[in-house]
Amino acid sequence: MKSAAASKRKPKATCIRTGGGVEEMKQAILDNLVCVQGRFAPVATPNDYYLAVAYTVRDRILAQWAKTAHTYYAKASRTVCYLSAEFLLGPHLENHMINLGLYEEVRQAVEALGLDFRTLIDQEEEPGLGNGGLGRLAACYLDSLATLNIPAIGYGIRYEFGIFTQEIRDGWQQEVPDQWLRMGNPWEVARPEIAYDIPFGGHTESGLDDAGRYRVRWVPERRIRGVAYDTMITGFASPSVILLRLFRAEATTSFDLRLFNVGDYYGAVHDKIDSENLTKVLYPNDEPFAGRQLRLMQQFLFVSCALQDMIRIYGQREENLSRFHEKYAIQLNDTHPAIGVAELMRLLVDVHGIGWDKAWEITRKTFCYTNHTLLSEALEKWPVPLFHAVLPRHLEIIYEINRRFLDDVRRGHPGDEDLARRLSLIDEGGERYVRMANLAAVGSRRINGVARLHTDLLREQVLNDFNRISPEKFLNVTNGVTPRRFLVLSNPALVALISECIGPAWIRDLSRLSELESFSQDASFLDRWRAINRRNKELLATIIRTRTGIATDPDSLFDVQVKRIHEYKRQHLNILHVIALYNRIRRGETGDLPPRTVLFGGKAAPGYFMAKLIIKLIHAVAETIHADPKTAGLLRVVFLPNFNVKTAHRVYPAADLSEQLSTAGKEASGTGNMKFSMNGALTIGTLDGANVEIREEVGAENFFLFGLTAAEVEQKWREGWCPGDAIAADEGLREAIELLESGVFSRGDRGLFLPLTRTLRERDDYMLCADYPSYIEAQDRVGRTYLRQKEWLRMSVLNVARVGKFSSDRAIREYCEKIWQVNPVEIG
Ligand code: F58
């Protein structure tokens, strides 16, 4: 037997699965390479090593996840279920390293193995399971839920192909399938035992049950299985790890044995292939709404799986479902999961035998709904025949909800048939539609918009009638973004400087950035601030050069607009300014023009012709400008292809100017605007979405405002908006449009951009011509201010110091207090 002294001297046992030391992690990487991946070092590729590191980090997460799950189970905590058809997560590895506080250790372990850390990080394919703002917001909220120790789970769809990869050929967008799963996905755990058979189609039958109660039975035509895949979400410096549970469609039986036995092999596997198609691909349309059957089926599959999963978990502790709403707060991320209202009713009434009234009470107390758009063309409404073919029982339930709801409305507002018609869940003015926003509004306890202006407009316009009958349901929660990904991960040098000055507590409490204000006059601090921005621009310039071949000058003003391409976002207004600059350069009027690099990025919906033409326009203008020697050293225009989360990490920290140009009243919030400001870029923007609040926070003097207000836009429409007058009144605008029509930018082809110039001249739905003069004037102010570097830097620091409100932590706290009534839970 060893002596007590000897056993004390024994080094502490280390664990290569959970240990946080460099040596343990080095061992774990090599171990995973062989034992998990079946590779050996001499032939391992960078991707093999990336996977080995990912498994190493994942092990540490799983250990924490087990603790979190056990705590939530033991404490039976009230849980937030965030239902979203999209989660645009972005790459995981570095984010987890930061959150776990293991960044340096992992990096050292990787380097100790003789590997290049950056090469390895760059191997990761990002899960692009979203179109843009809405999906990215869901991902930011998961980060904050985990950081704040809120019991939560995200439910969504595991698309095999995420948002397409954008390639540019001859200036035109080409879509290439996104094969993010090609090399395997180390961040997910398949849960084949968590699977639900989801019915589709068929018909319903009704009758009395043994107890004499009226019951409806849905006899579906087919079933498709939804299988769970779990992705762990870590929080920053937090012990809790929450789950994103995504469902993948599979066939309920792999083979139709009847067909197989008669020798029809292909027929036998057809159903399998057909079923799996359901979650194959993310619909790449940001707007407008396209009523595709497959889309409705996708929505129902994940929502039904999610609700059945909640009922299963609830059933582990509770006997009957009468307190379901006490256990869960379900958030509908827009109307894509709104079918959940009818599905929960079906599960409660048809499957679990609860009476209608009690079921409706539970349902209404469970759901809350976030609206993300004011564009009427983007509102989801399904043709009744299509809806009936896919979900016949849900259509009956929706009719019944509607009948009772409209009875109430008529009792409260006798004689106001117009009101009842507008509130109805069914649009009956012509072809009949199911209105999903109305279903979500009726079935929810709270309804929120995503910025103050947006919520005000929701109440005044899109959901005005709901606001009339239930004003107490409405509230605003202005969006926020996670400072971990969009600052700590993307801009480490700035983060180091900030933490050196005010300590690191701001990362969990962004309002503390205000302590930076006192440094905004400190010359040596401003010098360091400038040097960091300059270095970030150099890095971006290298990326631009590699991807586009265009050389840009890091000393020029980096003027950036990155977001989905859409007419309402007005990338073409930006291009009109570029053309105006070009005209000035040609005339030699370059006096107060700082050198500029105008950078664009963003995808266009594949079927959106105008958006694709805007991408072509940007390329065409760039080509002409770059071919003219007069512009050398003064103006460069770049379209950075395939803007995604990974690229975003490089873009926001390198921007000087953030372009937020939407026509007032059109952009619900915007979140890119927050990411830019957080990294020290100044905003040129309209009073739209969250720009209003950003300007309020950073101070009007630190924001370049232009354009009509939402009320003025409305007023102009009422007065009869006529772009011709605005064009006639502004020489620069006339000149720019005429130049576009002259073929100068299209190798003499006068017709190429006519669809754009014609809409500007004839309709100008987004009022570019109305806002043009004030935009140009604001851009002139930008140029002049940029030449006064000291002033610019001071404004930049103040933007960062005052951006604290736009952390997703603040937003999630508001959801918890005002909407969900969910509290943090201590883990352990
Ligand atoms: C966006 N919506 C809003 N929708 O446009 C933006 O103002 C807001 O900041 C953001 O939501 C977060 O609240 C948006 O991104 C989509 O991408 C949908 C995807 C599914 C199809 C319909 C559009």
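Worth pointing out:
- Simple spin-label estimate for residue 499 and residue 787 in nanometres, 7 Å along Cα-Cβ: 4.0 nm
- From largest to smallest, the equivalent ellipsoid semi-axes obtained for the range 126-246 from the alpha-carbon gyration tensor read 36, 24, 14 Å.
- Each 10 Å bin from 0 upward holds the following percent of the Cα-Cα pairs of the range 653-753: 14, 31, 28, 24, 2.
- Built amide H within the under 5 Å cut-off of residue 446, gap 5+: 369
- Highest mean packing first, where packing is the average number of other Cβ atoms within 10 Å per residue, the peptides 30-40, 796-806 line up as 796-806, 30-40.
- In order along the range 46-58, the Karplus-derived 3J(HN,Hα) couplings, from 6.51 cos²θ - 1.76 cosθ + 1.60 at θ = phi - 60°, round to x, 5, 4, 5, 4, 4, 4, 5, 4, 5, 5, 5, 4 Hz, and Gly and Pro are given as x.
- Across every direction, the projection of the convex hull enclosing the Cα atoms of the range 315-355 has a mean area of 3.3 nm².
- Residues whose amide H lies under 5 Å from that of residue 642, counting only those 5 or more places away or on a different chain, are 166, 602; hydrogens are built 1.01 Å from N in the peptide plane.
- Estimated inter-spin distance, residue 464 and residue 189, nm [label 7 Å along Cα→Cβ]: 5.1 nm
- Charge tally in the Cβ shell below 13 Å around residue 827, where Lys, Arg are +1 and Asp, Glu are -1, residue 827 excluded: +1
- Computed over protein heavy atoms with a 1.4 Å probe, the accessible surface of the range 681-828 works out to 41 Å² per residue.
- Pairwise label distance in nanometres, residue 701 with residue 749, each label 7 Å out on the Cα-Cβ vector: 5.0 nm
- For residue 635, distant residues with modelled amide H under 5 Å away: 596
- The chain: C-alpha gyration tensor shape, a/c 1.5 cut-off, then a/b vs b/c: oblate
- Share of carbon and sulfur in the accessible heavy-atom surface of the range 510-553 [1.4 Å probe, %]: 48 percent
- Gain upon complete extension [residue 758, residue 221; 0.36 nm per residue less C-alpha separation]: 188.4 nm
- Ordering of 688-695, 42-49 by packing [mean C-beta count within 10 Å, highest first]: 688-695, 42-49
- Per residue accessible area of the range 98-145, 1.4 Å probe, in Å²: 30 Å²
- In summary, the convex hull built on the alpha carbon positions of the range 297-372 has an orientation-averaged projected area of 4.8 nm².
- Taking every DSSP bridge with both residues inside the chain, close to 45 percent are antiparallel.
- ³J(HN,Hα), Karplus 6.51/-1.76/1.60, whole Hz, each residue of the range 477-492, x for Gly, Pro: 10, 5, 4, x, 10, 7, x, 5, 5, 8, 9, 4, 6, 8, 10, x
- For residue 377 and residue 719, a Förster radius of 25 Å and the Cβ-Cβ distance give a FRET efficiency of 0.60, rounded to the nearest 0.05.
- log10 of Debye I(q)/I(0), alpha-carbon scatterers only, for the range 309-443 at 0.09, 0.21 Å⁻¹: -0.28, -1.35
- Added length on full extension, which subtracts the Cα-Cα distance from 0.36 nm per residue, residue 587 to residue 555: 9.2 nm
- Kirkwood Rh, Cα atoms: Rg over Rh of the range 403-479: 0.98
- Förster-model FRET efficiency, 51 Å R0, residue 523 and residue 818, C-beta, rounded to 0.05: 0.70
- Rounded, prolate or oblate (a/c below 1.5 giving rounded, otherwise prolate when a/b exceeds b/c) for the range 679-822 by Cα gyration tensor: prolate
- Evaluated with a Cβ-only charge set (Lys, Arg +1; Asp, Glu -1), the chain carries a dipole of roughly 1880 debye about its Cα centre, given to the nearest 20.
- Taking every alpha-carbon pair under 8 Å whose residues sit at least 6 apart, the chain reaches a relative contact order of 13 percent.
- Between 607, 180, 591, the Cα set farthest toward the positive side of the dipole of the chain (charges on each charged residue's Cβ, about the Cα centre) is that of 180.
- FRET efficiency, residue 417 to residue 728 (Cβ-Cβ, R0 35 Å, nearest 0.05): 0.15
- For the range 616-650, the residues whose amide N sits under 16 Å from a probe point set 7 Å from the Cα of residue 735 along the beta carbon direction are 631.
- Distance between the range 371-426 and the range 531-604 - C-alpha centres, whole angstrom: 47 Å
- For the pair the range 630-683 and the range 329-359, the centres of their Cα atoms are 41 angstrom apart.
- Once all protein chains are placed together, residue 614 keeps about 0 Å² accessible to a 1.4 angstrom probe.
- Under the Karplus curve 6.51 cos²θ - 1.76 cosθ + 1.60, θ = phi - 60°, whole-Hz ³J(HN,Hα) for the range 769-780, x wherever Gly or Pro sits: 5, 5, 8, 3, x, 6, 5, 4, 5, 5, 5, 5
- For the range 433-474, the Kirkwood estimate of hydrodynamic radius, built from reciprocal distances between every pair of different alpha carbons, is 10.4 Å.
- Fully extending the segment from residue 293 to residue 274 would add 5.5 nm, taking 0.36 nm per residue of separation and subtracting the current Cα-Cα distance.
The values are calculated or read from the model by the stated rules, or taken from the named source; none is laboratory data. Predicted model, so just to flag it, every value in this text is computed and none were measured. Virtual Cβ from ideal backbone geometry, glycine too; neighbours counted across all protein chains shown. Heads up: the accessible areas ignore ligands, DNA and RNA and are worked out on the full protein's heavy atoms, side chains in. Shrake-Rupley method; radii C 1.70, N 1.55, O 1.52, S 1.80 Å.
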